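Student: Following this message is one structure expressed as structure tokens.
All of the numbers you see were taken from the coordinates with simple rules; none came from a lab. Note that this is a predicted model, so its numbers are computed, not measured. A quick note on method: Cβ atoms are made from the backbone with ideal geometry, for glycine too, and the neighbour counts reach across all protein chains shown.
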Amino acid sequence: MISAPGAQPARGSAAIREAIAKDIADMGGGGFTLVPSPSADVGVSGDLGWIWNTFTVRGKSGATVDAGKYLTLLARKEGEWRIIRDIWNSDGPAAPPAQPASTN
């Protein structure tokens, strides 16, 4: 399952592939680059592992347009590490709630 900002969680392989493909297309189409910090916090306990890190998003000019953090949870299944949960959040302010359309 992935929990992207501003979206419902994506569950199952097909939904996750679709969500990731959309994010990649949106980032590339907009000329954005995702840059993870080189100093990730990584840990393992038995068959569970995690990665916590920060990231920046840069625009075409190279200027930072967003920054945030993420947490990825992995599980070892049949000898392979697989992502079982992934969530990321912007450090920027949340978008204001949408206003209802006027009925006039």
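Student: What is the distance in Å between the Cα centres of segment 63-104 and segment 1-54?
Tutor: 8
Student: Also: Evaluate the Kirkwood expression for the hydrodynamic radius of segment 2-90, namely the inverse of the mean inverse distance over all pairs of different C-alpha atoms, and round to one decimal in Å. Provide the component values of the computation, followed by the final result.
Tutor: Working: mean 1/r = 0.0700 Å⁻¹.
Kirkwood hydrodynamic radius for segment 2-90: 14.3 Å.
Student: Would you please put 65-77, 15-27 in order of how densely packed they are, using the mean number of other Cβ atoms within 10 angstrom per residue and starting with the highest?
Tutor: Put in order of decreasing packing, that is 65-77, 15-27.
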